[in-house]
Amino acid sequence: MKKVTQRTEIIHENRDFLNLYRRGKKVGLPYIVVYVRKNRRQYNRLGITVGKKVGNAVKRNHAKRVIRAAYRQAESAIPLGLDMIIVATPKILEVSSTQLGDYLMGSCVKRMKKALQIS
């Protein structure tokens with residue numbers, strides 16, 4: 001697996017994505033939907049999905065860059081030991097990476113902790 005940072009690896013396997021979609025907790029937000037689940041590891045695993053509803057290839061790649069930058073900004077606030085998939089909604093094109101990062105650090109982390117019952 002490819003490491004993004006010391007605390008995060010990228011999810012590549014389709015079975016891992018499907019497992020998270022089926023068994024993970026869903027946290028819906030205006031710009032993104034996050035599927036999250038505990039993974040019993042000392043690091044997080046991250047997958048990013050951007051569907052065709054977001055736009056053409058240029059817009060989808062832009063959305064992925066925005067999500068990656070926002071995740072890097074918010075990574076220290078996210079508890080360790082989680083698998084998560086971030087799915088972009090069409091509204092992602094209206095927000096900058098710093099705004100999304102602030103959003104991830106704030107309400108998204110609170111909702112993930114509440115969904116997983118983490119203190």
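Here the dipole of the stretch 29-81 is about 220 debye; that uses its Cα centre as origin and unit charges on the Cβ of Lys and Arg (positive) and Asp and Glu (negative). So what is the diffusion coefficient of the chain in µm² per second by Stokes-Einstein at 25 °C and 0.890 mPa s, using a Kirkwood Rh over Cα pairs? After rounding, the answer is 173 µm²/s. Pairs exceeding 21 Å between alpha-carbon atoms, taken from LYS26/LYS91; LYS59/LYS113; LYS38/LYS113; LYS91/LYS114; LYS53/LYS91; LYS26/LYS113: LYS59/LYS113; LYS91/LYS114. Average accessible surface for the stretch 72-119: 51 Å² per residue, computed with a 1.4 Å probe over protein heavy atoms with every protein chain in place.
Once you list every other residue whose beta carbon is under 15 Å from the beta carbon of SER96, what net charge do they have if Lys and Arg are +1 and Asp and Glu are -1? Net charge around SER96: +4. Rounded to the nearest 20 debye, the dipole size of the chain about its Cα centre is 320 debye, using +1 on the Cβ of Lys and Arg and -1 on the Cβ of Asp and Glu. Remark on GLY47: its backbone amide H falls under 5 Å from those of ILE11, MET84, ILE85, ILE86, a criterion applied only to residues 5 or more positions apart or on other chains, H modelled at 1.01 Å from N.
Roughly how far apart, in whole Å, are the Cα centres of the stretch 1-63 and the stretch 79-111? What the calculation gives is 11 Å, centre to centre. Could you tell me what percent of the accessible area of the chain is made up of carbon and sulfur, with a 1.4 Å probe and every protein chain present? Answer for the chain: carbon and sulfur cover 48 percent of the accessible area. Each other residue within a Cβ distance under 11 Å of ARG41 adds +1 if Lys or Arg and -1 if Asp or Glu, for a net charge of +2.
The values are calculated or read from the model by the stated rules, or taken from the named source; none is laboratory data. If you're wondering where the values come from, they're calculated on a predicted model, not measured in any experiment. Reconstructed Cβ throughout: ideal geometry from the backbone, glycine too, with neighbour counts over all protein chains shown. Protein only, heavy atoms only, side chains kept; ligands, DNA and RNA dropped before computing areas. Shrake-Rupley method; radii C 1.70, N 1.55, O 1.52, S 1.80 Å.
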